[in-house]
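*Asks:* Below you will find the structure I want to go over with you.
None of the figures in this text is laboratory data; all of them are computed from the coordinates on show. Please read these numbers as outputs of a predicted model, since none were measured by experiment. Don't worry about glycine lacking a Cβ; one is built from the backbone with ideal geometry, like all the others, and counts go over all protein chains shown.
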Amino acid sequence: MAIRCRIVAVLIIMGCVLSVPATTRSDQATTAYNEADFLSRVRRLTFEGARAGEGYFSPGGTQLVFQSEREPGNPFYQIYMLDLETGDSRRISPGHGKTTCGFFQPGTSKIQFSSTHHDPQSEQLQTEEISFRESGQERRYAWDYDPEMEIYTFDQETTEFSRLTQAFGYDAEGSYSPDGNWITFTSMRDAYNRELSEDERKQLEVDPSYFAEIYIMKSDGTQQQRLTEVNGYDGGPFFSPNGTKIVWRRFDEQGLLADVWTMNLDGTDQRQITDFGSMSWAPYFHPSGEYIFFASNKLGFTNFEVFIVDSAGEKEPVRITYTDGFDGLPVPSPDGTILSWTSDGRTGGEGSQIFLADWNHEQAIAALKDAPLKSVSGNLDDQ
């Protein structure tokens, strides 16, 4: 079993970049367009805190839930909700511990997120991290896949928290189905609930994300089922607009390359959508269902850009952003007219923050129509 260090994938998830050389399997990501063809009225949405990212719209498109490092006394991410009409924001997570991946539940007043605030060591870990940063020491930023991470909901009306998962081993990256009845999420519980081989134990010490798999459960936390069974990091799942498919990222076993995949809700018909020879991740369907947004470092090293690809994976991806640095975690508004994404190349060195722009859906459809056919495609049965 190959043992690899995945400071890689995690840097990405939280809006940071990493140094991984891009390969050149296909250079079909068209450069016939520029950013202004797809994005207009680009504006910065968040300003507070060391960094912010991963913004997801409410079903009505009037609010955004996101994560940010801005809480006094806590160096880790907390979850906030922003009113896009008034500009007011408030924290909806407990305020201590580590949190990630907020998402609105359609048809309710609840917001789902993952947190370690139940961990008795959570506040001590905060203090230790603050002391480390104040000491002047430096280390490469990395998401640590805390095994205490569990999925919770926060009810905006009652202000009550409810815990949905109880399995030790990083339950996070959750999102709701369009009808609000299901949650798909990432879990590394398999690394902690069985006897591991010696190689697996070494792998766990180096990179817990190797054991990450996609799961699905009812919105109340019942009927938890595992959907993927492949070595390497399967994560970041989201439902298609019609609720019949799940899109996610799949890393290879070495943790160096990732591609966008789709599958049915029962885990069948797993299909590779991109074959980009790079780290392609953070996929999210456009509300039309016709194409998928994602981010990739296809163009080299730390330069992550936003791309789109047709939902069937028949065409080569089309490049959307053209700004050096990190542009990733793209999410369209429910009506498909606005794009939210996380960027650090547009903040003047202030760290990653969330940006918005008007989205040109018609131009996207035209560009995908003109894109060349993909040279390689496949499904799990072909691998």
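*Asks:* What's the exposure ranking of GLU173, GLU138, GLU71, going from fewest to most Cβ atoms within 10 Å?
*Replies:* The order, fewest Cβ neighbours first, is GLU138, GLU71, GLU173.
*Asks:* Still on this structure: Given the options PHE285, PHE47, PHE76, which has the most mean-square fluctuation in a GNM of the chain, springs set between C-alpha atoms less than 10 angstrom apart?
*Replies:* PHE47
*Asks:* Now, a different point. For region 28-136, what is Rg from Cα atoms divided by 2.2 N^0.38 Å, rounded to two decimals?
*Replies:* 1.31
*Asks:* Can you divide the C-alpha Rg of the chain by 2.2 N^0.38 Å and report the result to two decimal places?
*Replies:* That ratio works out to 0.92.
*Asks:* Moving on. Compare the peptides 96-109, 315-328 by average per-residue count of other Cβ atoms within 10 angstrom and give them in order, highest first.
*Replies:* Working: 96-109: 21.2, 315-328: 23.2.
Listed from highest to lowest mean packing, they are 315-328, 96-109.
*Asks:* Could you work out how much longer the chain between ARG201 and ALA32 gets when fully extended? Use 0.36 nm per residue separation minus the Cα distance between them, nm to one decimal.
*Replies:* 56.1 nm
*Asks:* Then there's this: What is the fewest-to-most order of LEU299, LEU257 by other Cβ atoms lying within 10 Å of their Cβ?
*Replies:* Listing LEU299, LEU257 from fewest to most nearby Cβ atoms yields LEU299, LEU257.
*Asks:* Enumerate the residues in region 146-161 having an amide nitrogen under 19 Å from the point lying 7 Å beyond the Cα of SER109 toward its Cβ.
*Replies:* 152-161
*Asks:* Another one. Which shape class, rounded, prolate or oblate, goes with region 135-197 when its Cα gyration tensor gives a ≥ b ≥ c as root eigenvalues, a/c under 1.5 marks rounded, and past that a/b bigger than b/c marks prolate?
*Replies:* Oblate, since a/c reaches 1.5 and b/c is not below a/b.
*Asks:* Also, quick follow-up: Based on alpha-carbon centroids, what's the gap between region 98-113 and region 66-86 in Å, whole number please?
*Replies:* 13
*Asks:* Let me ask you something else. Name the residue, out of SER340, SER219, SER40, whose mean-square fluctuation peaks in a Gaussian network model built on the chain with Cα pairs under 10 Å.
*Replies:* Of the options given, SER40 has the highest mean-square fluctuation.
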